[in-house]
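Written out below as structure tokens is the structure these notes cover.
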Amino acid sequence: MDGYRSGFACFVGRPNAGKSTLTNALVGTKVAITSSKPQTTRHTIRGIVHREDGQLVLVDTPGLHRPRTLLGQRLNDLVRETWSEVDVVGFCVPADQKVGPGDKFIAAELEKVAKRTPVVGIVTKTDLVQPQQVMEQLLALQKVMEFAEIIPVSAVDGFQVDKLSDLLLAKLPQGPQLFPDGDLTDEPEQTLVAELIREAALEGVRDELPHSIAVVVEEMMPREGRDDLMDIHAFVFVERPSQKAIILGHRGERLKQVGMAARKQIEALLGTRVYLDLHIKIAKDWQRDPKQLRRLGF
């Protein structure tokens with residue numbers, strides 16, 4: 001196809017800068033988990049934007065942060081590795097928070113790849129502030145580093161999402177379609193299911209938990225003799241008995257809520273009814289233990 005472009009883009013930014021929500025808005029469906037807790041995204045989930053004139057493959061990376069654990073260090077390595085492999089990087093800064101040391105830390109890291117890879121500055125969450133504040137944030141972002149382009153967007157009300165799609169696509173090389181038409185992500189379903197369970201487990205818990213939760217789907221198969229029901233058995237791993245108590249809740253009420261919320265999302269993802277069996281396990285200090293990190297998929 002003449003003029004057809006295809007390639008990879010990724011969003012970076014400190015935790016909770018709106019990267020996953022933006023990925024979902026561009027793809028048009030939920031492929032990346034979103035949560036108000038930092039460090040929600042752990043796996044490189046790709047969302048695929050299909051257009052007449054090209055295909056944009058979005059790689060969703062964990063937020064870059066100053067690491068305190070081996071897991072944190074591995075996540076940061078994953079981010080840098082991703083940056084060096086994509087065709088364009090989008091640096092997300094939310095409109096409702098001042099540009100801070102965290103953003104400058106990322107910008108300093110990004111400048112190392114900016115010579116090879118174009119970096120687009122994106123002011124996200126413009127729906128949360130007045131136009132004047134958006135303007136001020138754009139000016140503040142300009143001072144952080146040299147960008148190929150800067151654009152304000154809102155994934156929530158769709159403001160300039162299409163324009164961002166145009167802008168990113170224009171930075172891709174000309175090339176063939178990389179994925180079949182119907183594909184929205186190349187992640188195995190099991191990984192997405194585990195992520196949806198983790199998202200549900202993170203909802204409404206206190207701040208000490210997010211980093212400590214990992215989910216492993218042990219088994220996922222259609223119920224024997226039925227093609228309309230999927231049996232899913234999964235473990236939620238935490239690091240301490242006190243954390244297990246938080247997720248379990250009074251008489252197991254909280255875990256039941258987590259199961260119901262996750263099941264709804266998983267059924268929407270898989271397009272079939274789901275029986276979800278959830279258990280909590282303690283894996284002491286797993287974030288600092290290389291062997292356990294490997295077992296939990298990091």
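The values are calculated or read from the model by the stated rules, or taken from the named source; none is laboratory data. In this text, all values refer to a predicted model and were calculated from it rather than measured experimentally. Cβ: placed from backbone, ideal geometry, glycine included. Neighbour counts: every protein chain shown.
The table below lists the values:
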read-out	value
Close pairs from the stretch 257-276: first at pLDDT below 90, partner among the β-branched types (V, I, T) and part of a strand (DSSP E or B), Cβ under 6 Å, at least 6 apart	I266/V274; E267/V274
Residues of the stretch 177-212 classified as of a type in the set (A, V, I, L, M, F, W, C), over 23 Å from K256 (Cβ atoms) and at pLDDT below 75, total	1
Matching entry among E189, E146, E199 (being loosely packed, with under 14 Cβ neighbours inside 10 Å, in contact (Cβ under 8 Å) with a residue 24 or more places away in the chain and not aromatic (F, W, Y))	E146
Residues of the stretch 234-248 that turn out to be assigned to a helix (DSSP H, G or I) and either free of Cβ contacts under 8 Å to residues at least 12 places away in the same chain or in contact with a Ser or Thr (Cβ under 8 Å, 6 or more places away or on another chain) (or both), as a count	3
Near pairs, Cβ below 9 angstrom, 6+ apart or cross-chain, from the stretch 205-233 (in the same structural domain as L248 (by TED's automatic domain parsing)) to any residue that is loosely packed, with under 12 Cβ neighbours inside 10 Å and modelled with pLDDT under 80	H211/R68
Top-ranked residue in the stretch 74-95 [being surrounded by 19 or more Cβ atoms within 10 Å (Cβ to Cβ) and of a type outside the set (A, V, I, L, M, F, W, C); ranked as nearest to the chain's Cα centre (by Cα)]	G90
Test: M221 is surrounded by fewer than 19 Cβ atoms within 10 Å (Cβ to Cβ), among the aliphatic types (A, V, I, L, M) and not in a strand (DSSP E or B)	no
Residue check for A114: surrounded by fewer than 17 Cβ atoms within 10 Å (Cβ to Cβ) and either of a type in the set (K, R) or closer than 15 Å to C10 by Cβ (or both)	no
Yes/no for G121 being under 28 Å from D53 (Cα atoms) and not assigned by TED's automatic domain parsing to the domain that holds V49	no
Condition broken by K98, with the remaining ones in (1) among the charged types (D, E, K, R); (2) surrounded by 15 or more Cβ atoms within 10 Å (Cβ to Cβ); (3) part of a loop (DSSP other than H, G, I, E, B) satisfied	(2)
R251 touching a residue at least 12 places away in the same chain (Cβ under 8 Å), in a helix (DSSP H, G or I) and not assigned by TED's automatic domain parsing to the domain that holds N76	no
Condition check for G90: touching a residue at least 24 places away in the same chain (Cβ under 8 Å), within 22 Å of S154 (Cβ to Cβ) and in a strand (DSSP E or B)	yes
Residues satisfying the stated conditions in the stretch 233-279, i.e. polar (S, T, N, Q) and buried (at least 17 other Cβ atoms within 10 Å of the Cβ)	Q243, Q265
